[in-house]
Amino acid sequence: QKEVEQDPGPLSVPEGAIVSLNCTYSNSAFQYFMWYRQYSRKGPELLMYTYSSGNKEDGRFTAQVDKSSKYISLFIRDSQPSDSATYLCAMSGRTGGFKTIFGAGTRLFVKA
Amino acid sequence: NAGVTQTPKFRVLKTGQSMTLLCAQDMNHEYMYWYRQDPGMGLRLIHYSVGEGTTAKGEVPDGYNVSRLKKQNFLLGLESAAPSQTSVYFCASSYPPLPGGPEETQYFGPGTRLLVL
């Protein structure tokens with residue numbers, strides 16, 4: 001079993017839709033949860049970062065962490081064609097040395 | 001400020017050939033990383049470095065070697081390329097974590113696409 005599971009999609013939605021992207025994980029030591037966005041033929045870039053459980057909002061993006069269920073989500077409101085990209089979840093914990101584990105990424109297409 | 005740059009952008013190798021991928025960063029980051037990205041597998045850490053002159057193995061180090069002779073450069077070498085090493089390779093860099101704090105944000109380069117025939 002992979003430490004981080006993420007549905008690769010693709011996920012196709014119309015412009016303006018609410019998008020929900022999710023990851024599950026198995027390692028309870030993870031404390032820091034991140035979402036990276038990767039445009040085609042580019043490197044990933046950090047989009048959102050949360051610590052422990054709870055929600056964090058940044059503009060149209062909301063990151064949600066439920067440590068009891070080992071489940072994290074990224075919500076995109078009023079999705080735009082420019083949001084079309086691959087979204088990778090990532091997580092890490094202070095377990096005697098750093099170790100960031102990335103999900104496989106979900107490809108998102110927002111149709112105009 | 002170029003951030004993280006990688007050369008070459010694309011390369012085709014024959015099985016058994018060798019090559020070196022170069023990563024350079026101008027953000028004065030202590031930590032540097034090499035990842036490979038394959039469909040359905042996500043980013044997997046090959047090797048990393050926490051400072052000039054130091055390197056360590058990641059999740060998938062076999063078949064690769066690295067060197068960090070200068071703080072701003074991190075080289076990834078393939079001594080004898082195999083078709084299984086066909087992938088997109090990403091370099092990243094970051095500051096070290098503050099004591100007791102989380103890992104710092106990693107900044108990625110644009111990637112090198114490698115095809116081994």
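No lab work stands behind these numbers, since they all come straight from the coordinates. Here the structure is a predicted model, which is why all the values come from computation and not from measurement. Neighbour counts are summed over all protein chains in view; Cβ atoms, including those assigned to glycine, are modelled from backbone coordinates with ideal geometry.
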>> Along the charge dipole of the protein assembly as shown, pointing to its positive end and built from +1/-1 on Cβ of Lys, Arg, Asp and Glu, which listed residue (A:VAL65, B:ILE46, B:THR112) has its Cα farthest out?
In response: B:THR112
>> Just to confirm my numbers, what's the Cα centroid distance between the range A:41-112 and the range B:64-84 in Å?
In response: 29
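Quote the charge dipole size of the protein assembly as shown about the Cα centre in Debye, to the nearest 20; the model charges only the Cβ of Lys and Arg (+1) and of Asp and Glu (-1).
The calculated dipole for the protein assembly as shown is roughly 440 debye.
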>> As an exercise, identify the trypsin sites (Lys or Arg not before Pro) in the range A:8-45 lying in DSSP coil whose Cβ has no more than 12 other Cβ atoms within 10 Å.
In response: A:ARG41
> How big is the convex hull of the Cα atoms of the range B:61-117, per residue, in Å³?
Replying inline: 111
>> Quick check: convex hull of the Cα atoms in chain B, volume per residue, rounded to a whole Å³?
In response: 100
> How big is D for chain A, in µm² s⁻¹ as a whole number, if Stokes-Einstein is applied with the Kirkwood radius of its Cα pairs at 4 °C and 1.567 mPa s?
Replying inline: 92
>> Spelling out what I want: for every residue of the range A:73-81, take phi, set θ = phi - 60°, compute 6.51 cos²θ - 1.76 cosθ + 1.60 (Karplus), and round to whole Hz; glycine and proline get x.
In response: 9, 10, 10, 10, 8, 6, 4, 10, x
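Placing unit charges on C-beta atoms (Lys and Arg positive, Asp and Glu negative, everything else neutral), compute the dipole magnitude of the range A:11-99 about its Cα centre in debye, rounded to 20.
Dipole magnitude for the range A:11-99 comes out near 360 debye.
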> Which of the listed residues, B:CYS91, B:GLY63, B:SER80, is farthest toward the dipole's positive end in chain B, when Lys, Arg count +1 and Asp, Glu count -1 at the beta-carbon?
Replying inline: B:SER80
> Taking the Cα atoms of the protein assembly as shown, what is the range of coordinates along each of the three principal axes, in descending order and whole Å?
Replying inline: 48, 42, 39
>> Explain nothing, just the number: dipole magnitude of the range B:37-104 about its Cα centre with +1 on each Lys and Arg Cβ and -1 on each Asp and Glu Cβ, in debye rounded to the nearest 20.
In response: 200
